[in-house]
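Below you'll find the structure, written out as structure tokens, and then a few comments.
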Amino acid sequence: MSDAEKQDTPEQAEFRTHCQQWLAENHPGQPSVHIPQGALELSDPAALQWLKTWQQSAYDAGLIGTDYSKETGGRGLTGCQAIANQEMQKAKTPFFPNIIGLGMAAPTVYFHAQEAVKQELLPKLLSGEHIWCQGFSEPGAGSDLANQQTFAEKKGDTWVINGHKVWTSLAHFADWMILLCRTSKDDKYNGLSYFVVPIQSMIGKGVTVNPLIKLTGETGFNEVIFEDLVVEDKYRLDEVGAGWKVAMTTLAHERGAGLLTTPAAGGMVMEKEKGAGIGNAMSLIDLAKQSFRNGKTAADDGAIRDSIMELMIRQEGFRQNQRRIGVKELNDHPMRLPLQFKLVATEMSQDIAQLAYEIEGASSTLYVNDEKAVAGGQWQLAYMNSFGVTIAAGANEVQRNILGERVLNMPKSK
């Protein structure tokens, strides 16, 4: 019995058994279409539909939105979402496509929306029927999130929105967007308000979505342009001018705090199970054995072996550190572990993919479209995608500042 299972309440133990039995009988198996490395790289409608079907079945079984109230589409349990996540990871299930909806939009709506709006939006979000995206970044407002220029003007019982969002993952498929806007030019922070707005149904009626082609050739990113988009006031979250406070709820969950709060993040931690595949340091051993340079394999190189072992130690250390989440006494600050995990995980994944480049040698110049590419060129794809992840949720440089200033109480850098 694992440490987690020993800590289960009777209700949680019963739910864990339910998860194990359901997953044993209903694992979706191998997809009939190509599935990308992560949800944010989705571009094929067929892949999206396959994953939405998987999310719907997991939701119907109670494995998503588990800790949300029954009135908002959840199961009404306590502390069970983490159990569902653990069991899905053990079963090596596919990721869920609605990662932004589950991980960021759902908790933000849950904590800040009117009750009627929660009941309207959350069930279809949790089931995957509606895909969500995040409207934060702008051409002039990236790491300086408060520098929002997209403007929402109040007109009667509606708001008219004009502006430009960029790097908007999944906007090409999204039905809804969580949107941070400026509603007053007189105060940088208190002049922000937060909305949820329809996207797909309003294309050509105030919304334009343009794909942005990434270095990888994929189209996961988009720009979204608002031109006199009319939104009902009921879709404003919290008070006018409280947008910064609401945005902090979103960012806290994006950075992993959903692992420490209730309701938990509804399945958002379910990225593709890496196992011994791309992104796992152990898989570098097989890669090194299969990569030849100067008549020898890369595994024969002592320096390569040392580098692989160093990454394996780092990865195991990260895995063991995650166990601290379940120990209240070790969580002295609510953001310490989420910020640490985001930093360590994204940089470690990047370092693993970078070492794969070195191991492959000349073969690392071959990409996913080349039939001779090692491992189908997936390591090269992972390396290029890794830079977006170190920037997302606040660049890692910003995360270090937050850790230093707000967790360790160090003086602000000048």
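Annotations for the structure displayed:
- Among the residues making up the stretch 138-174, a single one is among the acidic types (D, E), within 22 Å of the chain's Cα centre (by Cα) and surrounded by fewer than 20 Cβ atoms within 10 Å (Cβ to Cβ): D144.
- For the stretch 224-239, the criterion of being farther than 13 Å from W176 by Cβ and either small (G, A, S) or outside the structural domain of F173 (by TED's automatic domain parsing) (or both) is met by none of the residues.
- Evaluation of F111 against the conditions (1) crowded, with 23+ Cβ neighbours inside 10 Å; (2) among the aromatic types (F, W, Y); (3) farther than 30 Å from V33 by Cα shows that the sole unmet condition is (1).
- Just one of the listed residues (I199, I203) is more than 22 Å from A382 (Cβ to Cβ), out of contact with any helix residue (DSSP H, G or I) (no Cβ under 8 Å at 6 or more places or on another chain), crowded, with 16+ Cβ neighbours inside 10 Å and at pLDDT 80 or above, namely I199.
Quick grid of which residues meet (1) over 30 Å from F136 (Cβ atoms); (2) modelled with pLDDT under 75:
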{"position": "G258", "(1), (2)": "no, yes"}
{"position": "E271", "(1), (2)": "no, yes"}
{"position": "G275", "(1), (2)": "yes, yes"}
{"position": "N280", "(1), (2)": "yes, no"}
{"position": "D286", "(1), (2)": "yes, no"}
{"position": "T297", "(1), (2)": "yes, no"}
{"position": "A303", "(1), (2)": "yes, no"}
{"position": "G317", "(1), (2)": "yes, no"}
{"position": "E329", "(1), (2)": "yes, yes"}
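- Comparison of E371, E347, E316, E310 shows that the only residue that is outside the structural domain of A82 (by TED's automatic domain parsing), free of Cβ contacts under 8 Å to residues at least 60 places away in the same chain, farther than 21 Å from M282 by Cα and surrounded by fewer than 18 Cβ atoms within 10 Å (Cβ to Cβ) is E371.
- Candidates T390, T365, filtered to the one that is among the β-branched types (V, I, T) and surrounded by fewer than 16 Cβ atoms within 10 Å (Cβ to Cβ): T365
- Scanning the stretch 29-42 for residues that are out of contact with any Leu (no Cβ under 8 Å at 6 or more places or on another chain) and crowded, with 16+ Cβ neighbours inside 10 Å returns G38, E41.
- The one condition from (1) modelled with pLDDT of 95 or more; (2) among the hydrophobic types (A, V, I, L, M, F, W, C); (3) farther than 28 Å from S69 by Cβ that L122 does not meet is (3).
- Meets criteria (part of a helix (DSSP H, G or I), buried (at least 17 other Cβ atoms within 10 Å of the Cβ) and small (G, A, S)) for A303: no
- Listing of helices (runs of 4 or more DSSP H) fully contained in the stretch 1-112 that carry 2 or more residues being over 16 Å from the mean Cα position of the chain (by Cα) and over 30 Å from T390 (Cβ atoms): 3-6, 10-26, 45-60
- Highlighted here are the helices (runs of 4 or more DSSP H) found entirely within the stretch 335-414 that include at least 1 residues which are within 23 Å of G217 (Cβ to Cβ) and modelled with pLDDT of 90 or more: 336-360, 378-391.
- Only residues that are charged (D, E, K, R), outside any strand (DSSP E or B) and surrounded by fewer than 19 Cβ atoms within 10 Å (Cβ to Cβ) were counted across the stretch 206-233, and they come to 2.
The values are calculated or read from the model by the stated rules, or taken from the named source; none is laboratory data. Everything numeric in this text was worked out from a predicted model, so none of it was measured. Please note: Cβ atoms are built from the backbone with ideal geometry, for glycine as well, and neighbour counts cover all protein chains shown.
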